[in-house]
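Participant: Let me give you the structure first, and then I'll get to my questions.
The values are calculated or read from the model by the stated rules, or taken from the named source; none is laboratory data. These numbers were taken from a predicted model, which means no experiment stands behind them. Every residue, glycine among them, receives a Cβ derived from its backbone with ideal geometry; neighbour counts consider all protein chains shown. To get the accessible areas, we keep the full protein, side chains included, count just its heavy atoms, and leave off ligands, DNA and RNA. Shrake-Rupley method; radii C 1.70, N 1.55, O 1.52, S 1.80 Å.
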Amino acid sequence: MRVQEKIIEGLLWLSAAITILITVSIIWVLLSESVLFFSEVSIVRFLTEKEWTPLFAEKKFGIMPLVAGTFLTTVIAIAVALPIGLTIAIYLNEYANARFKTFIKPLLEVLATIPTVVYGFFALTVVTPFLQSFIPGLAGFNALSAGIVMGIMIIPMISSLSEDAISAVPRSLREAAYGMGSTRLQTAFGVMVPAASSGILVSVILAISRAVGETMIVAIAAGQQPRLTLNPLVPIETITTYIVQVSLGDVPHGSLEYRTIFAAGMTLFVFTFLLNNLSFWIKKKYQEKYD
Amino acid sequence: MNIKHSKLEAINLDAYYGDFHALKSINIAMEEKAVTAFIGPSGCGKSTFLRTFNRMNDYIDGFRIEGQILLDGRDIYTDDVRVDELRKEVGMVFQKPNPFPKTIYENVVYGLRIQGIKDKKILQETCEKSLQQAALWNEVKDKLDKSALALSGGQQQRLCIARALAIQPSVILMDEPASALDPISTAKIEDLIYELKKDYTIVIVTHNMQQAGRVSDHTAFFYMGELVEYAKTKTMFTSPKDTRTQNYITGRFG
Amino acid sequence: MTNSEKNRRKDKAFQVFGIFCTFIGLVVLAIFLIDIVIEGIGRIDWDFLTSLPSRRAARAGILTAWAGTIWILVLSALIAFPLGIAAGVYLEEYAKKTKLSNFLEINIANLAGVPSIIYGLLGLELFVRIMNLGGILLAGALTLSLLILPIIIVTTREAIKAVPRTIRDGSFALGASKWQTVWYQVLPASFGGILTGVILALSRAVGEAAPLIVIGALAYVPFVPSSPMDEFTVLPIQIFNWTSRPQAAFLTNAAAAIIILLLITFLLNGIAVYLRHRQQKKIKW
């Protein structure tokens, strides 16, 4: 009986410990292949060269064009999702009644459940032609429409996390603002949003992390041309798209080209890891503040 | 005080939550087949003390005790005591009725099931007998397969008592068993306690002075982790020795 | 106009803007769904569902794709379900508040934030190369299991947390061991919530293309997989493949396949919502 209990506890512990093994494996896989990559291509070249052409005859290994593409689509996505998501959060908290809230929140969540490959199709076949009708120079593949669609996908992430943050602000604060004759708008922006700012920041950071790692939308709609540019109208390539591009081809295992996807993956992992931990750190500090 | 046959005993018992000294060298012996009430203001340690008798505090991080708790003269905190065996002997009823989200029948036989008893006849017989002992049989005999959560609060609490009786303990610990109930349900629980003490040793924690007076044979008054006074209930309520007891009983604090 | 009138107008204006924002995403989604349905619904027929892929758009079907998707779903569930629940139970019921359990917690939150394509790289190296499985169903399912494991763990913990302390006390007081309490009380009482989480995790897995492309799932598989050791494709990869082609007829195919993929996704989410609703109605502590 006691032995059985111990065995079960051991098995449960093992299951939990596997999660650490996964993290270790991710880091190990990325590191071990990256180390091989960097033994052939110096880190300086990787960070400073302005072109990324590992699949061409004349190889250049500058990650910057891919980072720029990732940065561009992410900025556009956040530019769409942050104002809309935050407005929704404020509206639902300060204006909407409870019934409307319970009705609309699950509907908004639907936006986050649509597979990204579907959003990619949408960006390519609907949004880009629509934008082309009034932006003449817009290429068939571009960062703009991929970014906008990604932004729409991320709206519920920002709106629901921000709403949680705003509704966690003590009632007394809101009542104090109303008591002094503030309108709902003044209360929202003068009191609630500043008080919930760290929670809102967390939602934005997590949204950025999500956008940075997003793959299929950009792979379908943003193009496969690594380019060091901030022009949203031309085809670009993100880190994630590059990994997909190589995976679709016939790059032999163990070759330098094969290792580039791990070096690219390592770069991506470092970005998202830093962003995620930054958000945890802020969240923890913020919780302590309110306790 | 004169105890004829001591069922439960604490000897020089100290208890700590981390640095907090929750119980301070308690010495007490409790009469078999009698009702002993623990009274005292919130945070005085009476519930903590009650929970040492079936080792319910074991799972609390940072909790530890020094001294001895004896059940029938045997220390229950030695390594060779199995907690599950101990709890078969020492049943417990909680402050808030906590029926499992299962049928009434499954609630009552749960203690038997986890002992590995599968014989339907035994289970059914035990179920009926326990519910009868808990004065609940007539109210639920036609809906044993209905969810226990559908019962009223008072019925739920009697179900929890039946559940404790089903594994045939000799001691029943009750942690403010009627504090969440209305007066009528409370009266039923008190009547039940009176019936049960014929066969069981009962220790009850209560906030309610009148209740202690009505149901208990002996009363122990706790204050800030100390056992201040322990006497026959009648004696304590009519002529308390300690001024703190007197103040508490007369409602000057608490 | 007085100051307070101005303020009231601004307040009203923001309210209108709030309603606009709340619905803009949904309106866009609706436009899109309608567009997809118009484009794709005419393409869906029995042949489309039961035909093998083909180089000619008009003859191509999604049989291998949806069969692969179902395979992946079932296999991932079989792997991630027990593992995720076990880990969740350990963290919530057994783990003491030590530095290690704190570290475990942060680690799981981190894993939940790792981009799916990174899991693809992990699967490529670990399952495809080192374990030498190749780009087969089992490798794909293992990869996606790792991807959804953090989601399952987190929802399991939340569901378990919702079971009141008093239920555990009641069980312990009757002499039940820790595991008996977990098995007979905690898990049954939280099962609805756990199941909801698992299904939501699966609905995430069903839409994933990137990690499976990375481990080498193929776009063109001319047979229905019959065992976990077979090569495979899934609906999202098929959609991706058709979307990347210049011919309009393939875009129509993609739209039709999207309708099927969305049906599966919405079905899974619908089940999850229903289960959650039923759970909330059934047990009121």
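Participant: Does C:Thr156 meet the test of being hydroxyl-bearing (Ser, Thr, Tyr), part of a helix (DSSP H, G or I), open to solvent by 10 Å² or more (accessible area, probe 1.4 Å) and more than 9 Å from chain A (Cβ to nearest Cβ)?
Facilitator: no
Participant: Something else: Residues that are without any contact (Cβ under 8 Å) to a residue 40 or more places away in the chain: list the strands (runs of 3 or more DSSP E) wholly contained in the range B:185-254 that include at least 1 such residues.
Facilitator: In the range B:185-254, B:226-232 are the strands (runs of 3 or more DSSP E) which contain 1 or more residues that are without any contact (Cβ under 8 Å) to a residue 40 or more places away in the chain.
Participant: Let me ask you something else. So B:Ile167 ticks every box in (1) modelled with pLDDT of 90 or more; (2) more than 29 Å from B:Glu85 (Cα to Cα) but one. Which box is left unticked?
Facilitator: Of everything listed in (1) modelled with pLDDT of 90 or more; (2) more than 29 Å from B:Glu85 (Cα to Cα), B:Ile167 misses just condition (2).
Participant: Examine the range C:232-243 for a residue that is open to solvent by 10 Å² or more (accessible area, probe 1.4 Å) and at pLDDT below 90, and state whether such a residue exists.
Facilitator: Among the residues of the range C:232-243, not one is open to solvent by 10 Å² or more (accessible area, probe 1.4 Å) and at pLDDT below 90, which makes the answer no.
Participant: Now, a different point. A:Ile7 fails exactly one of the following numbered conditions: (1) over 30 Å from A:Met192 (Cβ atoms); (2) touching a residue at least 60 places away in the same chain (Cβ under 8 Å). What is the number of that condition?
Facilitator: Exception for A:Ile7: condition (2).
Participant: Right, here's the next one. Does B:Leu149 fit the bill of being part of a helix (DSSP H, G or I), aliphatic (A, V, I, L, M) and without any contact (Cβ under 8 Å) to a residue 40 or more places away in the chain?
Facilitator: So B:Leu149 does not fit the description; no.
Participant: Going by the conditions given, is A:Leu230 open to solvent by 20 Å² or more (accessible area, probe 1.4 Å), assigned by the TED database to the domain that holds A:Pro65 and without any contact (Cβ under 8 Å) to a residue 24 or more places away in the chain?
Facilitator: Spelling it out, it is not the case that A:Leu230 is open to solvent by 20 Å² or more (accessible area, probe 1.4 Å), assigned by the TED database to the domain that holds A:Pro65 and without any contact (Cβ under 8 Å) to a residue 24 or more places away in the chain.
Participant: Okay, next question. Among the numbered conditions (1) in contact with a helix residue (DSSP H, G or I) (Cβ under 6 Å, 6 or more places away or on another chain); (2) within 17 Å of B:Lys33 (Cα to Cα), tell me where B:Asp191 comes up short.
Facilitator: Unmet for B:Asp191, out of (1) in contact with a helix residue (DSSP H, G or I) (Cβ under 6 Å, 6 or more places away or on another chain); (2) within 17 Å of B:Lys33 (Cα to Cα): (1).
Participant: I would also like to ask the following. Mind checking which pairs have a first residue in the range A:238-258 that is open to solvent by less than 30 Å² (accessible area, probe 1.4 Å) and a second that is among the small types (Gly, Ala, Ser), Cβ under 6 Å, 6 or more apart or different chains?
Facilitator: Correct list of pairs: A:Thr238/A:Gly69; A:Ile239/A:Ala264; A:Thr241/A:Ala219; A:Tyr242/A:Ala264; A:Ile243/A:Ala264; A:Val244/A:Ala219.
Participant: If only one of A:Val75, A:Val80 is open to solvent by 50 Å² or more (accessible area, probe 1.4 Å), closer than 30 Å to C:Phe17 by Cβ and of a type outside the set (D, E, K, R), which one is it?
Facilitator: After applying the criteria, what remains is A:Val75.
Participant: Among helices (runs of 4 or more DSSP H) lying entirely in the range C:1-110, which contain 2 or more residues that are open to solvent by less than 20 Å² (accessible area, probe 1.4 Å) and more than 10 Å from chain A (Cβ to nearest Cβ)?
Facilitator: Fully inside the range C:1-110 and qualifying: C:63-89.
Per-residue answers, yes or no, for (1) at positive phi; (2) under 21 Å from the mean Cα position of the chain (by Cα); (3) open to solvent by 60 Å² or more (accessible area, probe 1.4 Å):
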residue	(1), (2), (3)
A:Ile18	no, no, no
A:Ile43	no, no, yes
A:Thr48	no, no, yes
A:Lys59	no, no, yes
A:Tyr91	no, no, no
A:Tyr95	no, no, no
A:Ala112	no, yes, no
A:Thr116	no, yes, no
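Participant: In the set A:Ser25, A:Ser34, which member is of a type in the set (Gly, Ala, Ser), farther than 15 Å from C:Gly84 by Cβ and more than 10 Å from chain C (Cβ to nearest Cβ)?
Facilitator: Residue meeting the stated conditions: A:Ser34.
Participant: Hey, another quick one. Given (1) assigned by TED's automatic domain parsing to the domain that holds C:Ala256; (2) closer than 23 Å to A:Ser160 by Cβ, identify the lone condition not met by C:Phe20.
Facilitator: Only one criterion is unmet by C:Phe20, namely (1).
Participant: For a quick check of your reading: which helices (runs of 4 or more DSSP H) sit entirely within the range C:166-285 and have at least 2 residues that are within 14 Å of chain A (Cβ to nearest Cβ) and in contact with a strand residue (DSSP E or B) (Cβ under 8 Å, 6 or more places away or on another chain)?
Facilitator: Helices (runs of 4 or more DSSP H) meeting the threshold: none at all.
Participant: Restricting to the range C:119-135, and then to whatever is at the interface with chain A (Cβ under 7 Å from one of its Cβ atoms) and free of Cβ contacts under 8 Å to residues at least 60 places away in the same chain, can you tell me which residue is surrounded by the most Cβ atoms within 10 Å (Cβ to Cβ)?
Facilitator: Residue satisfying both the conditions and the ranking: C:Leu122.
Participant: Here is a further query. If you check A:Asn231, A:Asn277, which single one turns out to be within 13 Å of another protein chain (Cβ to nearest Cβ) and either over 30 Å from A:Pro136 (Cβ atoms) or not aromatic (Phe, Trp, Tyr) (or both)?
Facilitator: Being within 13 Å of another protein chain (Cβ to nearest Cβ) and either over 30 Å from A:Pro136 (Cβ atoms) or not aromatic (Phe, Trp, Tyr) (or both) holds for just one of A:Asn231, A:Asn277, which is A:Asn277.
Participant: Only one of (1) under 20 Å from the mean Cα position of the chain (by Cα); (2) surrounded by 19 or more Cβ atoms within 10 Å (Cβ to Cβ); (3) at pLDDT below 95 is not met by A:Met64, so which one is it?
Facilitator: (2)
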